[in-house]
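A.B. asks: Have a look at the structure that comes next, please.
The values are calculated or read from the model by the stated rules, or taken from the named source; none is laboratory data. This is a predicted model, so every value here is computed, not measured. Cβ placement follows ideal geometry from the backbone for every residue including glycine, while neighbour counts extend to all protein chains displayed.
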Amino acid sequence: MDWHQIFAGRNDRMKASEIRELLKLLDQPDIISFAGGIPDPDLFPAEAFQEAFTQALTAENQATALQYSVSEGYAPLRDWIVGEMARLDIPCTRDNIMITSGSQQALDYLGKLLLNAGDTALVGWPTYLGALGAFNAYEPRYDRLDPETNRSAADYAEAAGEGQVKFAYMSVDFANPTGRTLDAQMRERVIDLADELDIAVIEDAAYQSLRFEGEALAPVLAREIARKGSIDACRTIYCGSFSKTLAPGLRVGWVCASKEVIGQLVLLKQAADLHSSTINQMAIATVAQNQFDTHVAKIKEAYRARRDSMLAALEKHMPDSVRWTRPEGGMFIWLDLPAQLNSADLLAQSLKSERVAFVPGHAFFADGTGTNTMRLSFSKMDEALIDEGIERLGRLIAAAL
Ligand code: PMP
């Protein structure tokens, strides 16, 4: 059967990237991998989850834990999140929160909610690869969100052609892939631009809690509420996640936005999967209530040490012509290599001769540019191996130059 002729046209945009295929080969134990960008499993609060799941399965709780539940999400978890949002200067109520199966699901739903085929999504250049993947199914065009330039709203609107500009998407703190944080002025400018264009802002806060140093910056949503008085008057849609703080395998994230947006997202969720796993939401609620801050403080210490090791190793081993970011948190450092180097070719060589893995940067650009960039993750590698891996990578890059 020729499946292709009955697959819907939107599948044409859903290609497995060559890199993803390449990274599947990384299971071999001798590879030093800076590719993953995933939490260190040794830091999972496994014991706390064991207790939380046991508690959820007692005679008293099992009827809730194992049952269908509402699409909005488990109320005690939403209430805990309301408290968390208040700490970020985002006053809201339970009705402003919907639980999703990871923030990845929120990105899919937001694509579904906002994009007609041919509409424009404004994204970073580079941006989170998984956001491009989620939005691609809804067949958008992409344009470069660049608040640092004085590009006018009219210019963005004109570039959208027949379609409409619908939203600006940003990974705001210690972004995936660059590790950069959008500064206060740029956050304000994005709100100005969105107001002028009359579009939504999707604030991806997946790494928000993982700040190792420096002042926390008020989220875009907090700034918009300060201007407009109430979350229900705001165009910013905040996407949070427990994946980087507690555990990604439970697939629990949330959206915080105006009641109107949440109401429509709830309808999409009802239609898509009814609700996120009840027992997982209960377990996350218990662990968050008991030890969110202490646990996050602990993992930040570990990640900070690894970031420091990677920065020191880059300083020591990289040729002078290589530039990199100095993230204040998160999991990633971004390298800019001299323009003549191609990081996808380097990866192929590196896997063969140096046994070091990373993600070539072009995957994160909606137009496939950035071939001389790469993303390194420091989250999962032990400090001695970080130095060893960066030394090998530095040697490879120096030879290629
Ligand atoms: N946003 C960003 C910026 C991410 O890096 C990730 C995970 N890599 C996600 C969203 C999705 O994470 P999750 O679905 O586990 O919440």
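A.B. asks: Filter segment 60-85 down to the residues that are of a type in the set (Gly, Ala, Ser) and surrounded by fewer than 16 Cβ atoms within 10 Å (Cβ to Cβ), then identify the one that is farthest from Leu246 (Cα to Cα).
C.D. replies: Restricting to residues being of a type in the set (Gly, Ala, Ser) and surrounded by fewer than 16 Cβ atoms within 10 Å (Cβ to Cβ), the top hit is Ala63.
A.B. asks: Next question. Does segment 252-263 contain at least one residue that is away from the ligand (no atom under 16 Å from the Cβ) and within 18 Å of Gln281 (Cβ to Cβ)?
C.D. replies: Yes: one or more hits.
A.B. asks: Please enumerate the residues belonging to segment 303-361 that are crowded, with 19+ Cβ neighbours inside 10 Å and of a type in the set (Lys, Arg).
C.D. replies: Arg306, Arg307 - these are the residues of segment 303-361 that are crowded, with 19+ Cβ neighbours inside 10 Å and of a type in the set (Lys, Arg).
A.B. asks: Please find, among Ala226, Ala218, Ala222, the residue that is over 17 Å from the mean Cα position of the chain (by Cα) and assigned to a loop (DSSP other than H, G, I, E, B).
C.D. replies: None of the other options fit; the residue is Ala218.
A.B. asks: Something else about it: Report, ordered by the first and then the second residue, all pairs with beta carbons closer than 8 Å, sequence separation of six or more or different chains, a first member in segment 331-358 that is under 22 Å from Asp30 (Cβ atoms) and free of Cβ contacts under 8 Å to residues at least 40 places away in the same chain, and a second member that is surrounded by 16 or more Cβ atoms within 10 Å (Cβ to Cβ) and β-branched (Val, Ile, Thr).
C.D. replies: Once the first residue is under 22 Å from Asp30 (Cβ atoms) and free of Cβ contacts under 8 Å to residues at least 40 places away in the same chain and sits in segment 331-358, its partners that are surrounded by 16 or more Cβ atoms within 10 Å (Cβ to Cβ) and β-branched (Val, Ile, Thr) give Ser343/Thr371; Ser343/Thr373.
A.B. asks: Something else now. Working only within segment 93-110, note down all residues that are away from the ligand (no atom under 14 Å from the Cβ) and touching a Cys at 6+ places or on another chain (Cβ under 6 Å).
C.D. replies: Scanning segment 93-110 gives Asn96, Ile97.
A.B. asks: Looking only at segment 207-236, which residues are over 19 Å from Lys166 (Cα atoms) and either in contact with a Phe, Trp or Tyr (Cβ under 8 Å, 6 or more places away or on another chain) or outside the structural domain of Asp155 (by TED's automatic domain parsing) (or both)?
C.D. replies: Those that are over 19 Å from Lys166 (Cα atoms) and either in contact with a Phe, Trp or Tyr (Cβ under 8 Å, 6 or more places away or on another chain) or outside the structural domain of Asp155 (by TED's automatic domain parsing) (or both): Tyr207, Leu210, Arg211, Phe212, Pro219.
A.B. asks: So which residues in segment 140-183 are over 20 Å from Phe364 (Cβ atoms) and in a loop (DSSP other than H, G, I, E, B)?
C.D. replies: Residues satisfying the conditions are Asn150, Arg151, Ser152, Ala160, Gly161, Glu162, Gly163, Gln164, Asp183.
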